[in-house]
Amino acid sequence: MAGGGAGYHRCGAAAMIPSPIVGTEASIDGGAGTDTLVLAASGGATAVNFSVTAGSDQTTGDSVSVNQLESIDASLISSALTLTGSSSANTITGGSGNDTIDGGGGADIVAAGSGNDTVTYRGSETSIDGGTGTNTLLMSVAATVNLANADQTAGDSTAVSNFQKCRRVRAFDRAFDHGFVRCQHDHGRHRQRHHRWRRRRRYHQRRWRQRHGHLPRNGDLDRCGAGTNTLLLNAVATVNLANVDQTSGDSITVSNFQNVDASALSSTVTLTGSSSANAITGGSGDDTIDGGGGADIIAAGGGNDSVTYRGTEASIDGGAGSDTLVLVATGGITAVNFSVTAGVDQTRATRRRSRISKTSTPAFSPRPLPSPARPPPTRSRRVRATTPSTAAVAPT
């Protein structure tokens, strides 16, 4: 079937009346123009990919050769499909199955339909609608995401709506997305790429199982990976950045964070760092903070906070309230003075390591501070007074 024949909408150079594909065709060629493939039945097809080389089959899993189509309407299909666009503008409409959709770049219009769909965000789309179901937005580029907003991404030109989950594309996900789809045309090379992806996936699964005792589950928070990551607390939890699961008292597994920011909280929290450098920011409650060692930057915030001093911190700021400095090491401190001018370092040391400001009282000192040295006694030298002798002058 080629040119303007029945079976697809807007085939050839002129607009044609829509006629759904039933999956029994021998071949379909969209020809010139912007053509839409309308699926009336899957015909065994599990994937449609418009990014393949020109002249190659755009469908996978069926016996129909389809090429030169630019858009797809799978709204009549109830089975799961993988739909991939090209770098040009595509219109992609999913069905009622749990579809996986990637516009591939360009000013795409994506409507995922019903089902629990996963849609890739590239930032160039005109609009992305997750439809009904529990849908996941897969971020391949940076954007500000707020799933509570009508337009769930900010700072872009893409209208995004109806998503309940969001995660970023990992490196081994990209290897799969860009390699495995093309395995049909170059079995040897791309099968090897697929096997490499499987090995990487098994490696990460083993690491997760070793650290958490189970495979990744829904709700597990480990998306940050390497880098210096900050955990923003909007609910009360006990945080210890040195633990494998860095929060306790909750049902969420949290890992791979180096900093914590609880400035949005007004309730009391306990925040503990690791032996590495951490940035720890408290809230307005009566927080208990311990950097845990390392060149930490601690800002206790409001409330009557208790902050542990280990002598390795870069700075400790008690913030507002009546705060207590708990000394577990002297760190070279010889004096603590709370009467200094606001913002001035409240500790004095022979070798200064930390800058302390705006704390009220030390809880205890592990050993008494040395008293000022007594000046050594001065010895007075006795000087014997001698009278000048008069020499006798012999008469001449």
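The values are calculated or read from the model by the stated rules, or taken from the named source; none is laboratory data. Keep in mind that this is a model prediction, so the values were computed, not measured. Neighbour counts run over all protein chains shown; Cβ positions are idealised from the backbone, glycine included. Each accessible area value is taken on the protein alone, full model and side chains, heavy atoms only, with ligands, DNA and RNA left out. Shrake-Rupley method; radii C 1.70, N 1.55, O 1.52, S 1.80 Å.
Assuming a viscosity of 0.890 mPa s and a temperature of 25 °C, what translational diffusion coefficient in µm² per second does Stokes-Einstein assign to the range 34-80, Rh being the Kirkwood radius over Cα pairs? Translational diffusion coefficient: 225 µm²/s. Classification of the range 79-166 by its C-alpha gyration tensor yields an oblate form. The axis ratio a/c (a ≥ b ≥ c) is 1.5 or more, and b/c is at least a/b.
In this structure V340 has an accessible area near 40 Å², from a 1.4 Å probe over the protein heavy atoms.
Other residues within the sphere of radius under 14 Å centred on the Cβ of A107, judged by their own Cβ, net out at -3 (K and R +1, D and E -1). Taking all protein chains as shown and a probe of 1.4 angstrom, D129 keeps an accessible surface of around 60 Å².
Heavy atoms only, probe 1.4 angstrom, no DNA, RNA or ligands counted: give me I109, I280 ranked by accessible area, highest first. Could you put the intermediate results ahead of the total?
Working: I109 80, I280 0 Å².
From most exposed to least exposed: I109, I280.
Working note: Debye formula, equal point scatterers on the alpha-carbon atoms of the range 25-131, no solvent; log10 I(q)/I(0) at q = 0.12, 0.22 Å⁻¹ is -0.33, -1.17.
Under the combined filter of DSSP loop state and at most 11 neighbouring Cβ atoms within 10 Å, the range 247-353 retains these trypsin sites (Lys or Arg not before Pro): R351. Compute for the range 238-307: radius of gyration divided by Kirkwood radius, i.e. Rg/Rh, restricted to C-alpha atoms, rounded to two decimals. Ratio of gyration radius to Kirkwood radius: 0.94.
In a reduced charge model with +1 at each Lys and Arg Cβ and -1 at each Asp and Glu Cβ, the range 22-131 shows a dipole moment near 120 debye about its Cα centre.
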